[in-house]
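See structure below.
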Amino acid sequence: MDTISVADARKAEAVGKAVRLRGWVRTRRDSKGGFSFVELNDGSCQGNVQVVAPGELPNYEAVVKHLHTGASIAVEGEVKASPAKGQATEVLASKLELVGDADAEAYPLQKKGHSFEFLRTIAHLRPRTNTFGAVARLRHRASKTIHDFFDERGFFYVHTPVITASDCEGAGALFRVSTIDPDSPPKAEGKVDYTKDFFGRPAYLTVSGQLQVEGFACALGKVYTFGPTFRAENSNTPRHLAEFWMIEPEMAFYDLSDNMDLAEAFLKRIIADSLDKCGEDLKFFAERVDKEIIGRLEGVRDKPFLRVSYTEAVDILAKSGKTWEFPVAWGNDLQSEHERFLTEQHFKSPVILYDYPRTLKPFYMRVNDDGRTVRAMDVLVPGVGEIIGGSQREERLDVLEGRMREQGLDPHAYDWYLDLRRYGTVPHSGFGLGLERTVLFLSGMANIRDVIPFPRTPGNAEF
Ligand code: 4AD
Ligand code: MG
């Protein structure tokens, strides 16, 4: 007898097989005919399998008739073609064991729908809900596709450090990593003496693996990193997390236009695989979360992304006749309201914005000949806004040092990074895709806290 998943037990091919199944009870219904239906889910797929538990089971009265939502069980039986509508199969149990009971009164997940806000307070149990199961499977699929996509194109996966001394984005939104006793820190000249700290210097959680991955790109050609990143920004928005996962490819000898081509092919591939392989979960999102989701994904998969300069975008926004919460002017950063107007109302398409003012973007972006703009690119998609940020990198040593000083950074602190420009410098480019923004986009979910297993946001680090 094979132990199979609910996903496999639901397939018509399984009919006639003797199988063992294990999972959690979603519901139990007792029939007047002296048997019970148990909806069993094991997380392998969106759907449940219906277990028919006959009254002849020796533990029928003592156990089966007391099975509660949330209890874990093991079932042995035969897969049968189901007479019921909407399911190909059901399992006629010859044995049903209770593995772990769940108190019916106390179990926080009752049959009725719960708000996503409530489910965040039980983040350890929410994977058992339909929505979070679907999110988890979609997130897995996207991650798998990401590795496949790069592997097929000859990229190498590089593991960049989580602990770093450099502020990649130069934005100062860093979490400190320290073993100093905050109640009695070592001091020198009245200040905390970080030379006595664990690493002998100030150290932080990384905001991006880019600087390190550039070193590998300038040796192995095409590489990517995929890991957790941390930002201590006090942004309480539905699109920001303090801990999120980012995929950062970096390519030697790529210019901005090569970079855009890659970013577009990459996003399209993630969408195509989700549509091909997560159909049941996407159907669920379309029914319960966002009616438009499948059409929107197909549109982004099939249509070319528009490429529009920052300057043109500002012009469009200024002429739109809209009133903005954040004023539009050349040199101002684009906010979510502007990004979403461009993709959702004006172009009705994903847009790659490029050539942003140098004052808005980090030191590492290549300065254009106009001196005012840098070779930045942001990919904006409907429903989410910015999903990718990237650039061609500044490969000229003197310009790069100048940009660091301009942004109040000490070039000596980045000496190792500047070496890449001292020895065999090459034009190169890369970008960062936020995994949670991607899952938001794929699922139509509204809040980024609901697409990561254990969200970390200002004031929240439970579980
Ligand atoms: O635009 P960002 O800040 O770019 C970088 O970090 C570059 N070093 C990437 C590179 O060129 N290698 O971030 C890239 C993406 C954003 O477009 C967004 O999808 C996501 O990371 N992101 C966040 N996601 C969730 N919460 C946050 N606080 C995020 N900040 C950025
Ligand atoms: Mg960005």
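Nothing in this text is a laboratory measurement; each read-out follows from the coordinates by a stated rule. From a predicted model like this one, the values you see are computed outputs, not experimental measurements. So basically every Cβ, Gly included, is an ideal-geometry build from the backbone, and we count neighbours across all protein chains shown.
Find the all-direction average of the projected area of the Cα convex hull for the stretch 348-434, expressing the result in square nanometres with one decimal place.
Result: 6.4 nm².
Please compute the Cα-Cα pair-distance distribution of the chain with 20 Å bins starting at 0, giving whole percents from short to long.
Histogramming the chain at 20 Å steps yields 21, 46, 26, 7, 0 percent.
Over the stretch 2-100, how many percent of alpha carbon pairs lie in each 5 Å bin up to the one with the longest distance?
Each 5 Å bin holds this share of Cα pairs: 3, 15, 28, 28, 18, 7, 1.
What distance in nm separates the two pseudo spin-label positions at residue 115 and residue 101, each 7 Å out from Cα along the beta-carbon direction?
Result: 3.3 nm between the two label points.
If you place +1 on the Cβ of every Lys and Arg and -1 on the Cβ of every Asp and Glu, how big does the dipole about the Cα centre of the stretch 11-152 come out, in debye to the nearest 20?
The dipole magnitude comes to about 380 debye.
Please give the direction-averaged projected area of the C-alpha convex hull for the stretch 243-378, in square nanometres with one decimal.
For the stretch 243-378, the mean projected area of the Cα convex hull comes to 10.4 nm².
Mean separation of Cα pairs under 8 Å and 6+ residues apart, divided by the residue count of the chain: what relative contact order is that in percent?
Taking the mean separation of contacting Cα pairs over the length of the chain, I get 13 percent.
Compute, for the stretch 366-440, the length of the dipole vector about the Cα centre, with Cβ point charges of +1 (Lys, Arg) and -1 (Asp, Glu) only. Units Debye, rounded to 20.
In debye, rounded to 20, the stretch 366-440 gives about 120.
Along the Cα→Cβ direction, 7 angstrom out, place labels at residue 426 and residue 291. What is the inter-label distance in nm?
The two pseudo-label positions are separated by 5.1 nm.
Considering only 232, 433, 37, whose Cα is most displaced toward the positive end of the charge dipole of the chain, charges sitting on Cβ of Lys, Arg (+1) and Asp, Glu (-1)?
37
Suppose only helical runs count, i.e. DSSP H with n ≥ 4. What mean residue ellipticity at 222 nm does that imply for the chain under -39500 (n - 2.57) per run, divided by all residues and rounded to the nearest 500 deg cm²/dmol?
Taken over the chain, the calculation gives -8000 deg cm²/dmol.
Give me the net charge of residue 195's neighbourhood, meaning all other residues with Cβ under 13 Å from the Cβ of residue 195; Lys, Arg count +1, Asp, Glu -1.
+1
Evaluate the distance, in nm, between pseudo-label points positioned 7 Å from the Cα of residue 372 and of residue 52 along their respective Cα→Cβ axes.
It works out to 7.6 nm between the two label points.
Using the Kyte-Doolittle scale, which helices in the chain average at least -0.5 and also have C-alpha atoms spread 24 Å or more along the helix axis, with helices defined as whole DSSP H runs?
256-277
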